[in-house]
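Colleague: Let me give you the structure first, and then I'll get to my questions.
The values are calculated or read from the model by the stated rules, or taken from the named source; none is laboratory data. Nothing here was measured: the structure is a model prediction, and the numbers come from that model. So basically every Cβ, Gly included, is an ideal-geometry build from the backbone, and we count neighbours across all protein chains shown.
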Amino acid sequence: MDSNDINAKKKPTKVRQLQSGDFFGEVALLYNCHRTATVRSNNYGLYGKITKEDTTKLFKMHPILQDRMESLAMVRYDDSLRLFLMQALRRVDYFEDAPDDMMTDIAFNMKSESLEKGSTIFNIEDISTVLIVVFTGLVEIISLMDNGTEFPIERLGRGSVINPHSFLIEDKLDAIARCGVTS
């Protein structure tokens, strides 16, 4: 599932009006990620395009071009999902002072997944292999008591970061994470 799925239920909103000479789609080329916006033409137009393969060839021939495109994309790209992810990840100690370009790379390379209420994200004894950012909804962190009874430890909402340290060392998890049910 891609980042477009996260916003699939939202009514489309106009973000900006493109003019002659404006460009779009560069973030997907630079970061090899899914697009987070739809571009619609209101009128007839003549458009130029370049493929990923051609862009890669150009970057190999002119490495400075990639640096310039990345810098420009950083300055003018204010996608709400990227900004949200960067803000959430900055709360993790080792990302606190990370350069914006690194944070953008991480944000654009995160994969989204949509789960139903009650779905298990991970179980006790699973090996932690991912850092998770809650985009929407609620995640319940649950411990098991000696008699097998589930005991909710925490409820985490939008912007919460799960497993920021344990996934680095592929640690065994000592709790259950489940998509919560709001009461």
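Colleague: List every residue pair whose Cβ atoms sit under 7 Å apart, with the two residues 6 or more apart in sequence or on different chains, where the first one lies in the range 112-129 and is over 18 Å from Ile153 (Cβ atoms) and the second, anywhere, is part of a loop (DSSP other than H, G, I, E, B) and acidic (Asp, Glu).
Modeller: Here the result reads Ser112/Asp2; Ile127/Glu170; Thr129/Glu170, each pair linking the range 112-129 to a residue that is part of a loop (DSSP other than H, G, I, E, B) and acidic (Asp, Glu).
Colleague: Taking the range 86-104, which residues are crowded, with 16+ Cβ neighbours inside 10 Å, under 21 Å from Leu29 (Cα atoms) and not β-branched (Val, Ile, Thr)?
Modeller: Met86, Met103
Colleague: Turning to a different aspect of this structure: Counting only residues that are polar (S, T, N, Q) and surrounded by 15 or more Cβ atoms within 10 Å (Cβ to Cβ), which one in the range 143-171 is farthest from the chain's Cα centre (by Cα)?
Modeller: Among residues in the range 143-171 that are polar (S, T, N, Q) and surrounded by 15 or more Cβ atoms within 10 Å (Cβ to Cβ), the one farthest from the chain's Cα centre (by Cα) is Ser166.
Colleague: In addition: Here's a check for you: in the range 132-167, which residue that is on the phi < 0 side of the Ramachandran plot and polar (S, T, N, Q) is modelled with the lowest pLDDT?
Modeller: My answer is Thr136.
Colleague: Just checking, how many residues over the range 107-131 are aliphatic (A, V, I, L, M), modelled with pLDDT of 85 or more and either out of contact with any strand residue (DSSP E or B) (no Cβ under 8 Å at 6 or more places or on another chain) or assigned to a helix (DSSP H, G or I) (or both)?
Modeller: 1
Colleague: State which residue pairs qualify: first residue in contact (Cβ under 8 Å) with a residue 24 or more places away in the chain and inside the range 41-55, second residue surrounded by 10 or more Cβ atoms within 10 Å (Cβ to Cβ) in any location, beta carbons under 7 Å apart, and separation of 6 or more residues or different chains.
Modeller: Once the first residue is in contact (Cβ under 8 Å) with a residue 24 or more places away in the chain and sits in the range 41-55, its partners that are surrounded by 10 or more Cβ atoms within 10 Å (Cβ to Cβ) give Thr55/Leu29.
Colleague: Of the conditions (1) more than 30 Å from Leu18 (Cβ to Cβ); (2) touching a helix residue (DSSP H, G or I) at 6+ places or on another chain (Cβ under 9 Å); (3) assigned by TED's automatic domain parsing to the domain that holds Lys14; (4) not basic (Lys, Arg), Asp97 satisfies every one except a single condition; which number is it?
Modeller: Only one criterion in (1) more than 30 Å from Leu18 (Cβ to Cβ); (2) touching a helix residue (DSSP H, G or I) at 6+ places or on another chain (Cβ under 9 Å); (3) assigned by TED's automatic domain parsing to the domain that holds Lys14; (4) not basic (Lys, Arg) is unmet by Asp97, namely (2).
Colleague: On to the next question. Hey, among the residues in the range 49-70 that are under 23 Å from Ser20 (Cβ atoms) and surrounded by 10 or more Cβ atoms within 10 Å (Cβ to Cβ), which one's modelled with the highest pLDDT? I'd like the intermediate steps shown before the answer.
Modeller: Pass one, the range 49-70, residues under 23 Å from Ser20 (Cβ atoms): 49-51, 54-55, 58, 65, 68-69.
Those still in the list that are surrounded by 10 or more Cβ atoms within 10 Å (Cβ to Cβ) too: 50, 54-55, 58, 65, 68-69.
Numbers: Ile50: 79, Asp54: 85, Thr55: 81, Leu58: 82, Leu65: 79, Arg68: 75, Met69: 73.
By that ranking, first place goes to Asp54.
Colleague: Return the residues of the range 19-60 that are small (Gly, Ala, Ser) and on the phi > 0 side of the Ramachandran plot; say none if nothing qualifies.
Modeller: Once the filter is applied, which keeps residues that are small (Gly, Ala, Ser) and on the phi > 0 side of the Ramachandran plot, the range 19-60 yields Gly21, Gly25.
Colleague: Would you confirm whether or not the range 147-158 contains a residue that is touching a residue at least 24 places away in the same chain (Cβ under 8 Å), part of a loop (DSSP other than H, G, I, E, B) and touching a Pro at 6+ places or on another chain (Cβ under 8 Å)?
Modeller: For the range 147-158, residues touching a residue at least 24 places away in the same chain (Cβ under 8 Å), part of a loop (DSSP other than H, G, I, E, B) and touching a Pro at 6+ places or on another chain (Cβ under 8 Å): absent.
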